[in-house]
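Asker: Below are the structure tokens for one structure; questions will follow.
The values are calculated or read from the model by the stated rules, or taken from the named source; none is laboratory data. Here the structure is a predicted model, which means the values were calculated and not measured. Here the Cβ positions follow ideal geometry from the backbone for every residue, glycine too, while neighbour counts run over all protein chains shown.
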Amino acid sequence: MKKGHLFILSGPAGVGKGTLRKILFREVEDLEYSVSCTTRKMRAGEAEGRDYHYISRDEFEGMADRGEFLEWAEVHRNRYGTRKSDVERVLNEGRDIVLEIDVKGCRKIKESEPEAIRIFITAPSLDELENRLEERGTETSEQMGVRLRNAAAEMKHAAEYDHVIVNHDVARASRELVEIIKSYRNAGRQCDDLQQP
Ligand code: 5GP
């Protein structure tokens, strides 16, 4: 059976990845989301198993030692990891999966999964990003400082990605994201049709 597509979404904190992802999953059927494990605390409005698997640092280290992560990284002073078994199961079933991970994680995945399609979501400017993080109000000012410093560094890596979406407004950015995902699916279907006897 043909393997599914692996889509990687990256972008700085506050850029609107979560909102775009929610719209994507409403608009495109039969997509799976890879729920990462994290050592960070659950935010208000988040749910175990839907946004993340919230685990302790010890549990995280155990999983990392047993080689259960496809990749993991320390981001904003917490650890985040993608479970290998989840991703492999979905891809081997021929279904498509979306990972929302940072730039370091994306590089690691690309080594083991060279076919991965990388999409970077960026903001019109750093000032705009700062405003959005302030509006979101989920971080302390210290955490926000860390995230903004990381954002500046992350935005420099946009050129490594296959597609870059500038999130000026959610409607336009989500349309672009949906179109990118559908274009890979349609290309796959056209190849299948051509191979039919
Ligand atoms: P947040 O704490 O805002 O949910 O996520 C912080 C950052 O961690 C985001 O850039 C997000 O993409 C990244 N992230 C989430 N899960 C993973 C993961 O499994 N691996 C890696 N490398 N980064 C992740």
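Asker: Just to verify a result, which residue in region 1-24, among those that are away from the ligand (no atom under 16 Å from the Cβ) and surrounded by fewer than 20 Cβ atoms within 10 Å (Cβ to Cβ), is farthest from residue 166 (Cα to Cα)? Before you say what the answer is, go through the steps one by one.
Answerer: If we filter region 1-24 for residues that are away from the ligand (no atom under 16 Å from the Cβ), which is where we start, we get 1-5, 23.
Filter again for surrounded by fewer than 20 Cβ atoms within 10 Å (Cβ to Cβ), leaving 1-3, 23.
Numbers: 1: 35, 2: 32, 3: 29, 23: 16 Å.
Out of the qualifying residues, it is 1.
Asker: Also, I was wondering about something else. Could you please give the count of residues in region 88-108 that are under 13 Å from residue 35 (Cβ atoms) and either near the ligand (Cβ under 10 Å from one of its atoms) or modelled with pLDDT under 95 (or both)?
Answerer: The total comes to 3.
Asker: Related question: Of all residues in region 20-45, count the ones that are of a type in the set (S, T, N, Q) and assigned to a strand (DSSP E or B). If you could, list the steps in order and put the result at the bottom.
Answerer: Within region 20-45, the subset of a type in the set (S, T, N, Q) is 34, 36, 38-39.
Checking the rest, the ones that are also assigned to a strand (DSSP E or B) come to 36, 38.
Summing the residues that are of a type in the set (S, T, N, Q) and assigned to a strand (DSSP E or B) in region 20-45 gives 2.
Asker: Taking region 46-87, which residues are small (Gly, Ala, Ser) and either within 12 Å of the ligand (Cβ to nearest atom) or in a helix (DSSP H, G or I) (or both)? Please lay out each step first, then the result.
Answerer: Looking only at region 46-87, we keep the residues that are small (Gly, Ala, Ser), and these are 47, 49, 56, 62, 64, 67, 73, 81, 85.
Hits for region 46-87 are 62, 64, 73, 81, 85.
Asker: Oh, and also: Within region 25-45, which residues are of a type outside the set (Ser, Thr, Tyr), near the ligand (Cβ under 9 Å from one of its atoms) and under 22 Å from residue 148 (Cα atoms)?
Answerer: Listed by number, the residues that qualify are 40, 43.
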